[in-house]
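The values are calculated or read from the model by the stated rules, or taken from the named source; none is laboratory data. What you see is a predicted model, and the numbers here were worked out from it, not measured in a lab. Here the Cβ positions follow ideal geometry from the backbone for every residue, glycine too, while neighbour counts run over all protein chains shown. Side chains are part of the model used for accessible areas, which takes the heavy atoms of the whole protein and leaves out ligands, DNA and RNA. Shrake-Rupley method; radii C 1.70, N 1.55, O 1.52, S 1.80 Å.
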Amino acid sequence: TDHNCIARDMVAVGNRFLFGYNVHVGLRSQTTLADVFSVYSYAERKFHGEPLDLIKNVQFESDFAELYKYYNDTRFAKFAVIGPHLFMVFRVGKNTEDVKTFNWLIDGECLQYVDNRSDLEYRYPPQHDFNWQRTTRDQHHAGMHPHISIADRVFVETVGGDLTIKIENNTDSGEGIFSEPVDDPDQTLDDAEVYYATIGNLVILKIRPYQENDFRYIVYNEKVGDAQRIDAIADACVLLPDDHGLIFSQGYYLQTGEYKTFDNALSDMMFEKQIRSPNGEDFLYVFFNRRDGAYVLLSYNVISQEVSTPTICAGFATFDNGEMLTFRQHDDVQKHHAIQIWQTPYTDIDFTPQTDTDSQLYKIGNQDLVRGMAECHEVLGLIAKEDTYANLYLDMVKQTTDILDSYFWIGEPTVRNLAEPLSEIRNAAQAAISEFEKVVRQRESTRQEVQRVTGRTRDIVSAIQHERFEDIHAFVGSLAELRTLRGEVISLGELKYAPTAEIEKLESTVAEQSDKLSQRCVDFLMQPDALAPYVAQVDEQAARIESLAKVAEARELEEEVTATSDELEMLIEIVSNLKIDDATHRTAIIDNISGIFASLNQVRAQLKTARGKLMSTEGAAEFASQVKLLNQAVVNFLDVCDSPEKCEEYLTKLMIQVEELEGQFAEFDE
């Protein structure tokens, strides 16, 4: 530039561009156009200074002079192209809103001055491509841990000292997938301001806890069950094409759950505009800081679904052939300004690159090809994903099916017959769905079983800790429960997808409790009358033998005798396995149990004899009734047998009944 200046912005007009800057005037009485603007021609990546004929206009020069005359703090801020109009924006106050503009009409490679009264026409587009909805009391769910339901998809609360995002409508628990502390731990559910917006799989939350100055912005992805805090959304957030997700000045968040931020340390960025490449593949998102004049340029590729490294500059200009000029901001005045030249896909819509117009791809059209390639890339993304959400394979089947149904050219040799691998991917995904559902069921079944055994362990251990154990039956019952419980815990390890660490901890708890109770049981058995309940029980069982009248009663008594025997065997096993310092004590306990065993075996022998007699009596009576029934059946069948076929049929039925009787009364020789 001719003067030492601080460069602010540039704009292309055909093959020329305007360069805007601010010069420290010093002792000069007035500011001229040359103190703010320069015009350059740009061709073959070379720059040539030109006179200011591009913006020579008597009315404009008069308005320009008056601006600097009446506003002492006038500074050039930026160029802004809105539709066919170019606005020269000047700051005239301390606030970023204090601006004056000059409006020009872009006519090819020329500019036509309009007026200086178009300040209201210079405005930024909506900074959020969605509408915030504020939650109401109808969405509040009361309980021990109350929360606010956001479209029944996610649940939010700021009570109890933290902001929590939950995915289960469960007010009995305060746990969630995202949590961070709040300033006021004593606030109630309706003290916080909660806004939300839903976009496909995404729920965007705008939350200000009680007595806090700033809102917190959180993006929840329903598909992957993940929540991320992204405060850059506060300044501006717009939607990516084809519902791919969100983009903001510091990064982007896709519907697939892919999330990336750039550490550019810039804040208060306003969304200015979106520039679309004619091929439909690339989109440039322009963000601007009105205070320091910095631009952030984010280029999003529809096919790869990625944002390239941000371009941070003080100004930029794009030309018809896609070349873009940018320059860095410098706080000190200087004459030399380094310009970077980038080749971009953001060409003019009328710019035609060299291509084969006879090819099938050209006839299909680049935008249709781009959409198809983008959807194929989504399939690749799904394949590369680990098992992060339940409907992964369903999405894969849906995506491949949609591609095969939507693009007639997908199976053509020109595009390498993409239909074939897509069909194979779909078939593999369909096969995986059934297997995945099986895995999900197995995991859920294992989880429920582990949860059941854990709850039972907790209940049994708690009951043992509160039990007084005043007789041997209390010891035996609790020890039997612990033995059964330990078997169940060990069995958990054989289940698929079992949590090994949790099961080992359970087993350790049960074993420790069993050892403690066994030692207490041995100490109790040292008492002289510790086994008195078993002696009385065996005597009572012996006395009942004489009064038995039915086999069923004998069978019931036999089960009781067997249960008593099992309990005594368990006591012997406990005493044998424990380390008892005094061997005489061990011997005395085992002798006492053996004496009861001897009496129990006598009862068992008597019971067997009594049961045999009862079975003989009852069996004879039952056999007589069965034979009587068989006789009646023979008489009945003889009456209805009027053909050789029926004789054969009913004779077979009778022979089957006779065989069943033989098996039923095989124990009775008579």
- If you stretched the chain out fully between Thr587 and Ser547, how much longer would it get, using 0.36 nm times the residue separation minus the C-alpha to C-alpha distance? 10.7 nm
- Message: Which residue, Gln354, Thr326, Asn279, has the largest displacement toward the positive end of the dipole of the chain when charges sit on each Cβ (Lys, Arg +1; Asp, Glu -1)?
- Response: Thr326
- State which entries of Lys69/Lys94; Lys550/Lys608; Lys94/Lys206; Lys46/Lys273 exceed 22 angstrom in Cα-Cα distance in the structure shown. Lys94/Lys206; Lys46/Lys273
- Message: As I understand it, the dipole of the chain uses +1 on the Cβ of Lys and Arg and -1 on the Cβ of Asp and Glu, about the Cα centre. Which of Ser179, Ser547, Ala530 lies farthest toward its positive end?
- Response: Ser179
- Go through 89-95, 168-174 and give me the packing order, highest mean Cβ count within 10 Å leading. 89-95, 168-174
- Out of every Cα pair in the range 1-50, what percent are spaced more than 15 Å from each other? 47
- Query: Sorted by packing (mean other beta-carbon atoms within 10 Å per residue), highest first, where do 285-293, 257-265, 365-373 land?
  - Reply: 285-293, 365-373, 257-265
- Cβ-Cβ cut-off under 11 Å around Gly176, Lys and Arg +1, Asp and Glu -1: the net charge is -4
- Item | P(r) weight above 21 Å for the range 524-670, C-alpha pairs, percent | 62
- Message: Just to verify a number: what accessible area does His466 come out at with the full protein assembly present, 1.4 Å probe, Å² rounded to tens?
- Response: 140
- Query: When all protein chains stay in place, what accessible area (Å², nearest 10, 1.4 Å probe) is found for Leu495?
  - Reply: 70
- Item | Only Lys, Arg (+1) and Asp, Glu (-1) charged, at Cβ; the range 224-373 dipole about Cα centre in debye | 260
- Message: Once you place label points 7 Å from the Cα toward the Cβ at Asp539 and Glu558, how far apart are they in nm?
- Response: 2.7
- Message: Checking understanding here: applying a Kyte-Doolittle mean of at least 0.5 and a length along the axis of at least 24 Å (C-alpha), which whole DSSP H helices in the chain pass?
- Response: 472-492
- Task: May I ask which residue of Ile207, Leu638, Gln367 lies farthest towards the positive end of the charge dipole of the chain, with charges of +1 (Lys, Arg) and -1 (Asp, Glu) on Cβ and the Cα centre as origin?
- Result: Gln367
- Please work out the Kirkwood hydrodynamic radius for the chain, using every pair of different C-alpha atoms, and report it in angstroms with one decimal place. 34.9
- Per-residue HN-Hα couplings for the range 78-87, Karplus 6.51 cos²θ - 1.76 cosθ + 1.60 at θ = phi - 60°, whole Hz, x for Gly and Pro? 5, 9, 9, 9, 10, x, x, 10, 10, 10
- Contact order normalised by residue count of the chain, Cα under 8 Å, 6+ apart, percent: 6
- For the chain, the dipole about the Cα centre with charges only on Cβ (Lys and Arg +1, Asp and Glu -1), to the nearest 20 debye, works out at 2580
- Item | Calculated P(r) of the range 398-491 - Cα pairs past 21 Å, % | 61
- Which net charge results when you count Lys and Arg as +1 and Asp and Glu as -1 among the other residues whose beta-carbon is under 12 Å from that of Asn321? -4
- Cβ charges +1 (Lys, Arg) and -1 (Asp, Glu), total dipole of the range 1-126, debye: 340
- Note on the structure: Note, Ser547: beta-carbon cut-off 12 Å, +1 each Lys/Arg, -1 each Asp/Glu, net -1
- FRET efficiency for Gln354 and Tyr124 from the Cβ-Cβ distance with R0 = 41 Å, rounded to 0.05, comes out at 0.60
- Item | With DNA, RNA and ligands ignored, accessible area of His585 (1.4 Å probe; Å², nearest 10) | 70
- Message: Pairs of alpha-carbon atoms within less than 8 angstrom and 6+ residues apart define the contacts here; what relative contact order does the range 113-193 have, in percent?
- Response: 23
- Per the Cα gyration tensor, the range 1-108 corresponds to an equivalent ellipsoid with semi-axes, largest first in Å, of 22, 17, 13
- Note on the structure: Kirkwood calc, the range 322-425, C-alpha pairs only, radius in angstrom 17.6
- How would you rank 306-316, 113-123, highest first, on the average number of other Cβ atoms within 10 Å across their residues? 306-316, 113-123
- Query: How would Lys385, Lys398 rank on accessible area, largest to smallest, probe 1.4 Å?
  - Reply: Lys398, Lys385
- Task: Per DSSP H run of at least 4 residues, take -39500 (n - 2.57); add these up for the chain, divide by its residues and hand me the 222 nm value, nearest 500 deg cm²/dmol.
- Result: -14000 deg cm²/dmol
